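To start, the structure itself, in structure tokens.
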Amino acid sequence: MSQSARAARTALLTLPLLALALVLPPADAAAPRTRPAPRAATAPAKPALAKPAPTSPTAAPAAKPAPGPWLYRGSDVPQDKEWVFGELPNGLRYAVRSNGVPPGQVSIRVRVDVGSLFEREHERGYAHFLEHLVFRQSQYLGEGEAIHAWQRLGASFGSDTNAETTPTGTTFSIDLPDATPAGLDESMKYLSGMVIAPTLSDKNIQTDLPIVLAEKRERGGAAARVQDALREVLYAGQPLATRSPIGTEATLTAANQTTVRAFHARWYRPENTVVVLAGDRPTAELEALVQKWFAGWSPPGPHTPAPSFGDPVAPPGAVKAPGGGSVIGQTRVLVEPDLPRNITWATLRPWRPVNDTVAYNQGLMIDQIAQAVINRRLEARARGGGSFLVAQVNQQDVSRSTDATFVSVTPLGEDWRAAVKDVRAVIADAMASPPTAEEIAREVAELDVAFASAQEQQALQPGSRLADDIVQAVDIRETVANPDAVLRIFRESVPLITPQAVLQHTRQLFAGTVTRGVLVTPRAADGTAALLRQALAAPVVADGKARLANKPISFDQLPPIGTPGRVAAAVPTGIGQIEQIELANGVKALIWPSNDEPGRVTVKVRFGAGYRAFGPDDAPYIQLGQMALVGSGEATLGQEELDRISTGRKMGFDFKIDDADFTFSADTRQADLADQLYLFAAKLAMPRWDEAPVLRARAASRLQYDGLAASPQGVLQRDLKWLQHNRDPRYRTPTPGEIEAASPAGFRKVWEPVLASGPIEVQVFGDINRDSTVEALTRTFGALAPRAPAAEAMASTAAQVPPGGGAPAVLTHHGDANQAAALVAWPTGGGMAGVRVSRQLEILTNLFTNRLLDRMREKLGASYAPQVFSSWPLDLDSGGAITAIAQLQPRDVPVFFQTADEIAADLVANPPTADELARVIEPLKQQITRAATSSAFFMYQLEGATTDPSRFAAIRTIMPDYTVTTPAIMQGLAKQFLSRERSWRAQIVPAARPAAAAGR
């Protein structure tokens, strides 16, 4: 029942540590699972090598009779009756569903049961290579025609047309926006030809090879070395240890049409294929299309059974961990000078298929509660200071190869052994004695609100996500259930989630065949594989200090914001049911009660002056604020109390800094809306200045910084905003020394006036009651004291823009010597007065994107995913730009600059063709049509409209602004903005020192 894992929400106010994502387990994660009974592994069989025969549409024979839908065989999970399942006589399975979210769209998924684990040694990377090659040329699409064909049907390359290869499967994904019967039929025709009869010629292989190698290169570096080390150690002795989907340069370079066609013939067969369609067409029509285009698929040769993926095996003489049910196996130390220290270990068990029953899912739910209890205790220890910054346990079934429990730890300092010891002590306590009933109730409430929210919003499930759910269920060999069934099963399971049951499941989670681990460290002197093995095998004393005491708290106990205010004016905006509310204290709000989005409410609060509010020396506090401002508390609520008060509630607290304002935002529901508004208003009225979140954010920032230099992507993340703003120091990423010099007192000094000044705009859109929402606004934001105006300097609408011309700025990274990045930016403008120009520039930018993709990727193979994007700040009079960017080899940086200049010059000299323009406009039209079905679209478009009413008028012209143009207009915009002398450029190239990596 694959929906359950995705429903669990992350705890409120989790510290963002994006740079540390490198250390997560290298797995295509599935839902947490209990351990099924073992069965014999399937032995590999000799494959048949046969070339697929071309197909044509065929009158479909009747589908085979079957004892129930194929996905649910062996399961008592209630079937989701919205899906229609079927099987063709050739063995192909399908699932179709009528779904009108968004209107007019149909999502198509074709999943083939072949991934990197199905490859032989000389075929490493073939499954992923095939994913590329089927788009290159096939029965119904000539060479290089696929992208253009779907663009003409309104599908955007990358977002609407995509594919993915994992160790266990390959999935082709099409989201067809305007799915007319003719367009849908054409898409199914194309897909059938791609999957059944791709050309796979030597010419195709040589054309796509540089693209795949570019993808491999761009995914390389420190992050790839960490993932490789984790995979090689944790899954030692199994195919997964060496079967990364990207393959090796040697096997990819040696590929030819004979070997690739043999691989295709062996695995691309109807019995290995599932076709899924979900969208705004009748199910009978969708079902008929599957039969029309896939029933005639009859490959030669016998079926080849899937190979064995092996089992984890303990090495001879391995040491057993004290108090655990597994032995300590392989360990490794990986030295990466730019990465923070991290330790990942995993307890591994054999994976076996299961019957996806209700009882099985009840076991999964207890597993989830057990993990949540431990993770909350680990978070409490980290918040309280100590030896580690962050730690987490996470159970996964990995690629049908192992059922594993992972532990990941980021130490605060150099003493990684103390961090391992402290985390193991918390886990040992969880294995020694049961959690309290209060701890269980807290985690049950968190899951319940997630499942209940999904149930309330089930009418809003997009067809793309529903189709993906079926694909995931097939991949992990489980079923799907609708939100009603998931919520019912969970609530019926709650009596089973007893302290003793959670204790039993906790012990099972940390028992297994073998435990293996990897230490990533910047210094070779930090340790050896033997020391890591000793740390994992050392006796450990259970530490119960992290158990959280039961401290009930409610909003009724909190101080009021102030005296409730009154509504000074309530004015219709003329945009649907959106109303502008003006409160007597100057706060303005836009509210939109909408019955079209049941169960969904979105709240945004924009206030202050954004980056304009800071001084040139404030960069450290800007970064710390993004990480710690919310966690530093409000009223009587510290970080732990903020967590507690939101338990069992659908609430959030996201914070963002923009050029011209700050934003609080959250997804909530009507029942929790008043309290959500209180949280936001109280942060402005009664901020706390707790030191612990600031100190923790400071530690995280220090650890993250060096890692940003490990790749061109990291350097861009670190410096791009700074470059775009002409090296304005406010946009600079602070150094570790600057972060270390920042203090909690300095943090308060910078942020206290920010929270106290500047205008406030509140937006509440969704499934709300108008009158109760207005009342909640008067009791929260209406009760705020009148705000001081922003300082005059903060009201500036000018942005610093880099000067054009001159040599490229040169930045360096510490990653691989074959990695670089380059960008060219042409400054444009800003402000609402030019909003139509900004929208027309999106068309020009997409023209540029298609040409750059064709030149740098399709023809030269120099860059895997070059991109061009346009920015146009509506709150400022300048600062916008068209920016072209690509990752490539250092030797190709001049080629990129030359290519970008040539494309720009041609757009200046010559208007685009009608077909080229149509292939850009149709996807833009479909994107807007789809987006406009959501209140989030209107919320975004109307941000700032309470102070700038021109935004109400601008939303009415959005479709023609983005879709009505001429080749001459495009040429005119190119002449205005894309001249060589206006542009500035930058390149990120390897530093003099080589990348250092070592395993010990």
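Since every read-out is calculated from the coordinates, none of them should be taken as a lab result. Because the structure is a prediction, the values reported are computed rather than measured. Reconstructed Cβ throughout: ideal geometry from the backbone, glycine too, with neighbour counts over all protein chains shown.
Could you list Thr899, Thr913 in order of exposure, starting from the residue whose Cβ has the fewest other Cβ atoms within 10 Å? Write out the running numbers ahead of the final one.
Numbers: Thr899 23, Thr913 10.
Ascending Cβ contact count within 10 Å gives the list Thr913, Thr899.
Grab the other residues whose beta carbon is less than 15 angstrom from that of Val502, score K and R as +1, D and E as -1, and report the net. Walk me through the intermediate numbers first.
Details: positive: Arg376, Arg377, Arg442, Arg507, Arg547; negative: Asp367, Asp429, Glu438, Glu439, Glu443, Glu446.
Once all neighbours under 15 Å are counted, the net charge is -1.
Assigning unit charges at the beta carbon (Lys, Arg +1; Asp, Glu -1) and nothing else, what dipole magnitude in debye, to the nearest 20, does the chain show about its Cα centre?
Charge dipole of the chain: 1920 debye, to the nearest 20.
Give the relative contact order (percent, whole number) for the stretch 66-166; include only Cα pairs under 8 Å separated by 6+ residues.
With pairs under 8 Å counted, the relative contact order is 15 percent.
Among Trp267, Trp70, which comes first, second and so on when ranked by fewest other beta-carbon atoms within 10 Å?
Values: Trp267 22, Trp70 16.
Going from sparsest to densest Cβ surroundings: Trp70, Trp267.
Kindly rank 654-665, 675-686, 562-573 from highest to lowest mean number of other beta carbons found within 10 Å of each residue.
So the order, starting with the most tightly packed, is 675-686, 654-665, 562-573.
Would you kindly derive the ³J(HN,Hα) couplings of the stretch 646-655 from the backbone phi angles with the Karplus curve 6.51 cos²θ - 1.76 cosθ + 1.60 (θ = phi - 60°), listing them in order in whole Hz, with x for Gly and Pro?
9, 4, x, 10, 8, 9, x, 7, 8, 9
Just how many % of Cα pairs in the stretch 91-294 lie over 31 Å apart, if you round to the nearest whole percent?
22
Of Thr812, Pro866, Trp267, which is farthest towards the positive pole of the chain's charge dipole, taken about the Cα centre with +1 and -1 on the beta-carbons of Lys, Arg and Asp, Glu respectively?
The listed residue farthest towards the positive side: Trp267.
For the stretch 809-998, count all C-alpha to C-alpha pairs, find those more than 21 Å apart, and express that count as a whole percent of the total.
Numbers: 10091 of 17955 pairs.
The share of Cα pairs beyond 21 Å in the stretch 809-998 comes to 56 percent.
Show which lysines lie in cross-link reach of Lys216 when reach means a straight Cα distance below 22 angstrom and same-chain residues fewer than eight apart are skipped.
Lys203, Lys859
For the stretch 801-821 and the stretch 382-419, what is the centre-to-centre distance using only Cα atoms, to the nearest Å?
Between the Cα centre of the stretch 801-821 and that of the stretch 382-419, the gap is 36 Å.
I'd like to know which of Pro753, Ala682, Gly586 lies farthest towards the positive end of the charge dipole of the stretch 579-789, counting +1 on Cβ of Lys and Arg and -1 on Cβ of Asp and Glu.
In the stretch 579-789, that residue is Pro753.
Per residue of the stretch 136-144, what does 6.51 cos²θ - 1.76 cosθ + 1.60 with θ = phi - 60° give for ³J(HN,Hα)? Whole Hz please, x for Gly and Pro, Karplus curve as stated.
In residue order, the calculated couplings are 5, 6, 7, 4, 10, 10, x, 4, x Hz.
Could you list the residues of the stretch 501-530 with an amide nitrogen less than 12 Å from a label point located 7 Å from the Cα of Lys320 in the Cα-to-C-beta direction?
Taking a point 7 Å out along Cα→Cβ of Lys320, the residues of the stretch 501-530 whose backbone N falls under 12 Å are 512.
So, R0 is 25 Å and r is the distance between the beta-carbons of Ser159 and Gln206; what FRET efficiency does that work out to, to 0.05? Present the calculation step by step, with values, prior to reporting the outcome.
Details: r = 28 Å, r/R0 = 1.13.
After rounding, the FRET efficiency stands at 0.35.
Between Lys81 and Arg507, what length in nm is gained on full extension when 0.36 nm per residue of separation is reduced by their alpha carbon distance?
Values: separation 426, 0.36 × 426 = 153.36 nm, distance 3.74 nm.
Gain in length upon complete extension: 149.6 nm.
With runs of 4+ DSSP H residues as the only contributors, calculate the mean residue ellipticity of the chain at 222 nm using -39,500 (n - 2.57) per run, divided by the residue total and rounded to the nearest 500.
Calculated from helices alone, the mean residue ellipticity at 222 nm is -12000 deg cm²/dmol.
Using a 10 Å cut-off around each Cβ, can you sort Phe897, Phe938, Phe309 from fewest to most neighbouring Cβ atoms?
Phe897, Phe938, Phe309
With a cut-off of 8 Å between alpha carbons and a minimum separation of six or more residues, what is the relative contact order of the chain in percent?
In percent, rounded to a whole number, it is 15.
Please give me the summed charge of the neighbours of Glu922: other residues whose Cβ is under 12 Å from its Cβ, Lys and Arg +1, Asp and Glu -1.
-1
Greater than 32 Å separation of Cα atoms is the criterion. Which listed pairs, Lys604/Lys749; Lys545/Lys683; Lys551/Lys656; Lys588/Lys650, meet it?
none
For the stretch 812-863, go through all pairs of different Cα atoms, get the mean of 1/r, take its inverse, and jot down that Kirkwood value in Å.
The Cα-based Kirkwood calculation yields 13.8 Å.
Which residues in the stretch 975-993 place their backbone N less than 19 Å from a point set 7 Å from the Cα of Asp877 along the Cα-to-Cβ direction?
Zone members listed by number: none at all.
GluC sites (Glu not before Pro), restricted to the stretch 73-149: which are DSSP loop and have at most 16 other Cβ atoms within 10 Å?
Glu82, Glu143, Glu145
What order, most packed first, do the peptides 690-697, 802-809 have when packing is the mean number of other Cβ atoms within 10 Å of each residue? Working shown, then result.
On the way: 690-697: 20.9, 802-809: 13.0.
Averaged packing, sorted descending, gives the order 690-697, 802-809.
For a label point 7 angstrom out from the Cα of Thr913 toward its Cβ, which stretches of the stretch 191-208 have the backbone nitrogen within less than 13 Å?
Residues passing the 13 Å test: none.
Could you tell me which residue out of Val409, Ile575, Ala799 lies farthest along the dipole of the chain toward its positive end? Charges go on the beta carbon: Lys and Arg +1, Asp and Glu -1, centred on the Cα centre.
Looking along the dipole axis, the top candidate is Val409.
Convex hull over the Cα atoms of the stretch 579-789, averaged projected area in nm²? Mind showing how you got there, number by number?
Values: hull surface 50.9 nm².
So the mean shadow area of the Cα hull is 12.7 nm².
Which value in nm describes the separation of the simple spin-label points at Ser950 and Asp484, placed 7 Å from the Cα toward the beta carbon?
5.1
Over the residues of the chain, compute the C-alpha Rg and express it relative to 2.2 N^0.38 Å.
For the chain, the normalised Cα radius of gyration is 0.94.
Explain nothing, just the number: relative contact order of the stretch 91-294, from Cα pairs under 8 Å at least 6 residues apart, as a whole percent.
The normalised contact order for the stretch 91-294 reaches 44 percent.
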